[in-house]
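Values in this text are rule-based calculations from the coordinates and carry no lab data. In this text, all values refer to a predicted model and were calculated from it rather than measured experimentally. Quick reminder, even Gly has a Cβ in these numbers, built from the backbone with ideal geometry, and neighbours come from all protein chains shown.
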Amino acid sequence: MVQLSDIQRAADRISGVAHRTPVVTSRRIDAELGVSLHLKCENLQRMGAFKFRGAYNALSQLSDSAKDAGVVAFSSGNHAQAVALAASLLGIRATIVMPTDAPQLKLTATRGYGADVVTYDRHTEDREAIARELADRDGCALVPPFDDPAIIAGQGTAALELLEDVPDLDVVIAPLGGGGLLSGSAITAHGIRSTIRVFGAEPAAGDDGKRSFDSGEIVRIPVPRTIADGAQTTALGRHTFPVIRELVEDIVLVSDDELIAGMASLAQTCKLIVEPTGVLGYAAARSLAPQLQGARVGVIISGGNVDLQRFAQLISGTATR
Ligand SMILES: *Cc1c(COP(=O)(O)O)cnc(C)c1O
């Protein structure tokens, strides 16, 4: 299992490369909710999400021969851009397997970081198989999006910085997809002070994490329909699940409507553009607030990669979902 010391070493590796993102507060939101909220703004991280932390931590530890061979990843979202950027900074060749119908913005951004993009048809082809085949053919490492100790340790550095800046937090809340961010955050919080309460925030439409947490076994679901596209995972991982089960107090389910209300609130009040998945923790804090009155609550705002037009449609209620 990943330890706090692994996360501290990851923090050293990414220091000076990743941004130390700001922690934002709002008296208005605090007054409204009756808690003292501290928002760790990973929407302002390089490439727009915390995923840069894990990708850089993982890639920087590859052996020289592995670096020469290059890396492969499959993702339609932030992990693709994170691996592409980390690889380019480290002089590693990256191949990213993305669906043909991925948003043009994301295809362009991934290529813009210098990665080779291999597209596949998401209805007829298996991306994992394609990535594995490429990895086997070229002898390069496959960089998993969450279920990997180096990725988990890297993601845990966001909570580490948050707790350095706000040491007296009572509660930490992080979004939950495959669980890299939440497990890393929980190891950090628990390692620093075991009385810090940690909650995960998951889309209600894809509640595999909550069901796994409650039942004690990894529950697998079909790809959920939610606007939180960064948390459309179908199951927790074998590394992330045991950590979450042991160190997290509960998983809060968040509806798409709550996500939209959260996006509008953060834009209006804090002037923050946050993608739907990025607002999961804040939306969960809003629904937990009645039972956390007076608490100091840290929330990881996990990403800001949303097309502006889509953002406008979502908050004005004119988006197709
Ligand atoms: C990937 C992602 C998540 C979920 O992270 P996991 O480590 O898969 O749980 C949350 N928010 C954003 C913005 C993401 O890109």
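Numbers at a glance
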read-out: Where labels lie 7 Å past Cα in the beta-carbon direction, separation of Leu4 and Ser255 in nm; value: 4.0
read-out: Extension gain, Ser194 back to Arg20 (0.36 nm per residue minus Cα-Cα distance, nm); value: 60.2 nm
read-out: Three semi-axes of the equivalent ellipsoid, segment 1-82, Cα gyration tensor, whole Å, largest first; value: 32, 15, 11
read-out: In order through segment 157-163: 3J(HN,Hα) via Karplus (6.51 cos²θ - 1.76 cosθ + 1.60), integer Hz, x for Gly, Pro; value: 6, 5, 5, 4, 5, 4, 6
read-out: Residue order, fewest to most beta carbons within 10 Å, for Asp6, Asp68; value: Asp68, Asp6
read-out: Under 14 Å from the Cα of Lys210 - aspartates and glutamates, other chains or at least 8 residues apart; value: Glu202, Glu246, Glu249, Asp250
read-out: Nearest 10 degrees, 0 to 90: helix 78-90 Cα axis against the chain principal axis; value: 60
read-out: Rounded to whole Å, sorted largest first: equivalent-ellipsoid semi-axes of segment 49-170, Cα gyration tensor; value: 26, 17, 13
read-out: Burial order of peptide ranges 92-101, 163-172 (average beta-carbon count within 10 Å, highest first); value: 92-101, 163-172
read-out: Cα shape, the chain, gyration tensor, a/c 1.5 rule; value: prolate
read-out: Calculated P(r) of segment 240-279 - Cα pairs past 17 Å, %; value: 46
read-out: Protection proxy ranking of 131-140, 191-200 - average other beta-carbon atoms within 10 Å, highest first; value: 191-200, 131-140
read-out: Segment 254-270 - phi-based ³J(HN,Hα) in whole Hz, Karplus 6.51/-1.76/1.60, Gly and Pro as x; value: 10, 7, 4, 4, 5, 5, 5, 4, x, 4, 5, 4, 5, 5, 5, 8, 10
read-out: Built amide H within the under 5 Å cut-off of Val2, gap 5+; value: none
read-out: Sites Gln293 and Thr234 - FRET efficiency at Förster radius 35 Å, r taken between beta-carbons, to 0.05; value: 0.45
read-out: Residues whose placed amide H lies under 5 Å from that of Val252, excluding near-sequence neighbours; value: Gly200, Ala201, Glu202
read-out: Rounded to 10°, Cα long-axis angle of helix 51-60 versus longest principal axis of the chain; value: 40
read-out: On Cα atoms only, tilt of 180-192 relative to the major axis of the chain in degrees; value: 50
read-out: Around Gln313: net Lys/Arg minus Asp/Glu count, Cβ-Cβ under 15 Å; value: -3
read-out: Distant-in-sequence amide H partners of Val118 (H built 1.01 Å from N, under 5 Å); value: Ile96, Val97, Met98
read-out: Residues Glu249, Glu202 arranged by fewest to most Cβ contacts within 10 Å; value: Glu249, Glu202
read-out: Anisotropy class of segment 164-321 from Cα gyration tensor, a/c 1.5 cut; value: oblate
read-out: Karplus-derived HN-Hα couplings along segment 123-128 (A = 6.51, B = -1.76, C = 1.60, θ = phi - 60°), whole Hz, x at Gly and Pro; value: 8, 10, 10, 9, 5, 5
read-out: Centroid-to-centroid separation of segment 108-172 and segment 194-223 [C-alpha atoms, Å]; value: 20
read-out: Nearest-0.05 FRET efficiency for Glu217 and Asp68, computed from C-beta distance (R0 41 Å); value: 0.50
